[in-house]
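Engineer: Below you will find the structure I want to go over with you.
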Amino acid sequence: MIVAEIIPITSSILAESLSYFSATQITPGTVVTIPLRKQEIRGIVVSTSEVQNLKQNLRNQNFKIRNIITVHDETVFSSAYLNTVQQLKNYYVLPAGKLIDITYPKYITKHFDEFCYDAVGHLPPNKRQYSKSLLQKSYSERIKYYEFFLQEKIKNNESVHIICPTVLEVKKIHRDLQDFFVGNIHLLHGKTTAKKITSTYTELRKKPSVIISTAQFIDVSALNKTIIIIESDSSSYYYRAVAPKIDYRIFIEEYAKNSQIQIIFADSILRAKRFSEKTLFHENVDMQIFLPEKIKLISTISKTPMKQSDAQRIKDIDKKRVAFSPFSDEILKHIKKSVKNNEKIFFYTTRKSLSPTIMCRDCGELAQDIETKTPYSLYVKNKELLYINKITGEIIPAFDLCQFCGSWRLQTLGIGTESIKQELQKLFPEIDSYIIDSTQTKNQTEINKVLKGFNTENSSSKILIGTQKSLPFLENIDSSFIVSIDGIFYQQSYSNEERILSLVKKIYDNSKRTYIQTRKVSEKTLTRKKSISTASKEKDVLQLKFSKKLQSIIKNIQHSDEFGKTMLSQYTESLKIWSIIKTGNYLNFLKNKKNNNFAVIKINHSALRIDYTKIYHLYIERLADYQPHIKARSSYKNGFIDIGITIHINADKWNTSSQDQNLVRLLPFGERNINIEINPEVF
């Protein structure tokens, strides 16, 4: 009789491993079926011990050890995958079973008997070599590159695995490549049927193939798989949206390293960190990401003279509020020209709804859920005005009076999809306009209906309005107008610059002309020191000219509080972005980009509001050596509060290879109301 330590493959168990009896010897790595509460689940054996050696420990246990139900002969996990799990469970401070549960297809973990990992078709270790390379080109150019590159690999009896962040992108690349690899191309994603998964796994062992999948299918066994391509590498969708939050790109990269195969990072604009890593550079990196003649920056900063009386300034502000339009006069000229030419037009905004925010002009308070302190947004549904709280899901009829002071002067703020549509219907009542966002188009059927109307060929202009959700569906747009982008600069993200560039690039690549409306910077702020020359684009330099008054303000801000420094950071950040867009040269951005040599560890603790002070002091004392930054906000659960504890630690002390063991001991582990994020997307 032996006692086996088993990793349960489930998200419901926070323990690293569980103990079970077995009457037979079991090799570590074997898959078994075990009882857990009233269920039967699968697990992986990590170690075994003879009962005789554990008698004393077993007597002291306050629970009963149960027997293993079934020992399976097959294994579906490669050694590279299991090594990656063992390595990254420490990095992400997660139980191995939970990491397996979120990085492996659930259908396969529930039907082990139908699958078996086959390493027979793998090249021997002496013919495999880990390396990293970059592919930075527009989507259409990448597809052309894949056509030639993948055909060469198939001829050499090698398989290539392309991984995409979303199901939509998997289907899109499969659609654009399938004609070139008939019978040798396969797609796998979360919506693939059980029958199709089984047949695809069988086919992949027989002949070299091109596999296009989402990240969960990283460990699919294919004949001579020698290359993994991370497509759309800068996409935020690789970062898991719900707890436990992990970056699938890190998992894929470590898997490639453990498999000793090549990995290629591909996108229209790659993240700056890719260029700072030890990577094999080659001719497939295009640094001229925008052509200045195809993209135009339009400032909406007022040209009103600075010397105005307070009364006149307030009068002008009130006048603008009453006659608010999401379009500046200059961008409206371009819109009218596009409509006159019967073009396909796209409008982008970061927000959905008629108005993202409602504020009282007398007391300054926002219309909000009183209990959770979370704001309402204004929507129109069936010609009825509604306030919707996107956090709590609450929907109520729109009210006219302020909840706090009773004033009737409620002001709608922000540019949403519905407010753009409303304005366009006033300007061009004869033009059909459509919306794609998470409220108007909740499923693929509704999206297809919108796209069918928008893509119908006739002599009149067509208008599509969308948020981030609409970007995968953009094709053959004549003119794109980015109406609202400034809000992204204020989002609490560590990668705002790259997110904005990636967003603009996606729209730019699918449009003949792109216009960007912004209040962040005026046209005169950016001046060229040297014109772009074809021979030496990388030598082009932008000079930012500040007035004496602005120089004085900056000097004062540098010695002021954190808020002032944040505002300066946002201002200079926007200057860098617009500089790159005006010249189109990504090399300048990389030269000025500072590499972060620290790791960010964020603890999210949900607790009763009355316990906040106790929890605050607990973390302050416990993590004193790591200088934690603690902030709290109201929870959507009544009576609770969400506490965020952030630690910055040198990257040498916390990375995928090693972690600060003292900090590991201090971090809370295994509690359901706590989750830990490593290098989160947002503050």
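The values are calculated or read from the model by the stated rules, or taken from the named source; none is laboratory data. Keep in mind the model is a prediction, meaning the values are calculated, not measured. Cβ: placed from backbone, ideal geometry, glycine included. Neighbour counts: every protein chain shown. All accessible areas refer to the heavy atoms of the entire protein, side chains included, with ligands and DNA or RNA removed. Shrake-Rupley method; radii C 1.70, N 1.55, O 1.52, S 1.80 Å.
Engineer: Given the criterion more than 15 Å from Ile69 (Cβ to Cβ) and in contact with a strand residue (DSSP E or B) (Cβ under 8 Å, 6 or more places away or on another chain), identify the matching residue among Ile7, Ile26. Spell out the reasoning first.
Structural biologist: Details: Ile26 fails: more than 15 Å from Ile69 (Cβ to Cβ).
Ile7 is the lone residue from the list that is more than 15 Å from Ile69 (Cβ to Cβ) and in contact with a strand residue (DSSP E or B) (Cβ under 8 Å, 6 or more places away or on another chain).
Engineer: Now for a different question. Out of curiosity, is Leu187 open to solvent by 60 Å² or more (accessible area, probe 1.4 Å), modelled with pLDDT of 90 or more, farther than 30 Å from Trp654 by Cα and in contact with a helix residue (DSSP H, G or I) (Cβ under 7 Å, 6 or more places away or on another chain)?
Structural biologist: Values: open to solvent by 60 Å² or more (accessible area, probe 1.4 Å): no; modelled with pLDDT of 90 or more: yes; farther than 30 Å from Trp654 by Cα: yes; in contact with a helix residue (DSSP H, G or I) (Cβ under 7 Å, 6 or more places away or on another chain): yes.
For Leu187, the condition - open to solvent by 60 Å² or more (accessible area, probe 1.4 Å), modelled with pLDDT of 90 or more, farther than 30 Å from Trp654 by Cα and in contact with a helix residue (DSSP H, G or I) (Cβ under 7 Å, 6 or more places away or on another chain) - is not met.
Okay, residues lined up against (1) under 26 Å from Phe180 (Cα atoms); (2) at pLDDT below 90; (3) surrounded by fewer than 23 Cβ atoms within 10 Å (Cβ to Cβ):
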| position | (1), (2), (3) |
| --- | --- |
| Arg205 | yes, yes, yes |
| Thr214 | yes, no, no |
| Ile227 | yes, no, yes |
| Ile230 | yes, no, no |
| Lys245 | no, no, yes |
| Ser259 | no, no, no |
| Gln262 | yes, no, yes |
| Ala272 | no, yes, yes |
| Phe275 | no, yes, yes |
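Engineer: Can you tell me which residues in segment 233-243 are open to solvent by 10 Å² or more (accessible area, probe 1.4 Å) and outside any helix (DSSP H, G or I)?
Structural biologist: The first filter runs over segment 233-243 and keeps only residues open to solvent by 10 Å² or more (accessible area, probe 1.4 Å), leaving 234, 236-237, 239-243.
Selection gives Ser234, Tyr239, Arg240, Ala241, Val242, Ala243.
Engineer: Say whether the condition of being among the charged types (D, E, K, R) and either part of a strand (DSSP E or B) or surrounded by 14 or more Cβ atoms within 10 Å (Cβ to Cβ) (or both) is met by at least one residue in segment 396-404. Give the derivation first.
Structural biologist: We begin by selecting, within segment 396-404, every residue among the charged types (D, E, K, R); these are 400.
Add one more test, that the residue is either part of a strand (DSSP E or B) or surrounded by 14 or more Cβ atoms within 10 Å (Cβ to Cβ) (or both), and what stays is none.
No, that holds for no residue.
Engineer: Any idea which residue in segment 347-370 is most open to solvent (accessible area, probe 1.4 Å), counting only those that are of a type outside the set (Phe, Trp, Tyr) and farther than 19 Å from Leu401 by Cβ?
Structural biologist: Initial filter on segment 347-370 (of a type outside the set (Phe, Trp, Tyr)): 349-370.
Add one more test, that the residue is farther than 19 Å from Leu401 by Cβ, and what stays is 349-353, 356.
Working: Thr349: 0, Thr350: 42, Arg351: 117, Lys352: 55, Ser353: 1, Pro356: 11 Å².
So, considering only residues that are of a type outside the set (Phe, Trp, Tyr) and farther than 19 Å from Leu401 by Cβ, the one most open to solvent (accessible area, probe 1.4 Å) is Arg351.
Each row is one residue, and each column tells you yes or no for (1) assigned to a helix (DSSP H, G or I); (2) at pLDDT 95 or above; (3) open to solvent by less than 10 Å² (accessible area, probe 1.4 Å); (4) in contact with a helix residue (DSSP H, G or I) (Cβ under 9 Å, 6 or more places away or on another chain).
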residue	(1), (2), (3), (4)
Ile102	yes, no, yes, yes
Thr109	yes, no, no, yes
Ala119	no, no, no, yes
His122	no, no, no, yes
Gln129	no, no, no, no
Phe149	yes, no, no, no
Arg175	yes, no, no, no
Asp179	yes, no, no, no
Lys195	yes, no, no, no
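Engineer: Right, something else. How many residues does segment 439-470 contain that are touching a residue at least 40 places away in the same chain (Cβ under 8 Å), of a type outside the set (Phe, Trp, Tyr) and open to solvent by less than 60 Å² (accessible area, probe 1.4 Å)?
Structural biologist: Result for segment 439-470: 10.
Engineer: Please report, ordered by residue number, the strands (runs of 3 or more DSSP E) entirely within segment 477-536 with at least 2 residues that are buried (at least 16 other Cβ atoms within 10 Å of the Cβ), at pLDDT below 65 and more than 23 Å from the chain's Cα centre (by Cα).
Structural biologist: none
Engineer: Taking the conditions exactly as written (over 33 Å from the mean Cα position of the chain (by Cα) and not small (Gly, Ala, Ser)), does Gln403 satisfy them or not?
Structural biologist: Values: over 33 Å from the mean Cα position of the chain (by Cα): yes; not small (Gly, Ala, Ser): yes.
Answer is yes for this residue.
Engineer: Working only within segment 592-649, note down all residues that are of a type in the set (S, T, N, Q) and either farther than 23 Å from Ile246 by Cα or open to solvent by 40 Å² or more (accessible area, probe 1.4 Å) (or both).
Structural biologist: In the first step, residues of segment 592-649 are kept if they are of a type in the set (S, T, N, Q); the result is 592, 595-597, 604, 606, 613, 627, 634-635, 638, 646.
If the condition is that a residue be of a type in the set (S, T, N, Q) and either farther than 23 Å from Ile246 by Cα or open to solvent by 40 Å² or more (accessible area, probe 1.4 Å) (or both), then Asn592, Asn595, Asn596, Asn597, Thr613, Gln627, Ser634, Asn638 are the ones that fit.
Let's see how each residue does on (1) under 30 Å from Gly639 (Cα atoms); (2) at pLDDT 85 or above:
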residue	(1), (2)
Ser355	yes, no
Asp369	yes, no
Tyr379	yes, no
Thr392	yes, no
Gly406	yes, yes
Ile415	no, no
Phe428	no, yes
Val450	no, yes
Gly453	no, yes
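Engineer: Give the residue, chosen from Ser138, Ser159, Ser209, that is of a type in the set (Gly, Ala, Ser) and either free of Cβ contacts under 8 Å to residues at least 24 places away in the same chain or surrounded by fewer than 22 Cβ atoms within 10 Å (Cβ to Cβ) (or both). If you could, list the steps in order and put the result at the bottom.
Structural biologist: Numbers: Ser159 fails: either free of Cβ contacts under 8 Å to residues at least 24 places away in the same chain or surrounded by fewer than 22 Cβ atoms within 10 Å (Cβ to Cβ) (or both); Ser209 fails: either free of Cβ contacts under 8 Å to residues at least 24 places away in the same chain or surrounded by fewer than 22 Cβ atoms within 10 Å (Cβ to Cβ) (or both).
Only one candidate qualifies: Ser138.
Engineer: Within segment 371-395, how many residues turn out to be in contact (Cβ under 8 Å) with a residue 12 or more places away in the chain, open to solvent by 80 Å² or more (accessible area, probe 1.4 Å) and over 15 Å from Ser419 (Cα atoms)?
Structural biologist: So in segment 371-395, the residues in contact (Cβ under 8 Å) with a residue 12 or more places away in the chain come out as 371-380, 384-392, 394.
Those left that are additionally open to solvent by 80 Å² or more (accessible area, probe 1.4 Å): 371, 373, 384-385, 390-391.
From the residues that got through so far, the ones that are over 15 Å from Ser419 (Cα atoms) too are 371, 373, 390-391.
Qualifying residue count, segment 371-395: 4.
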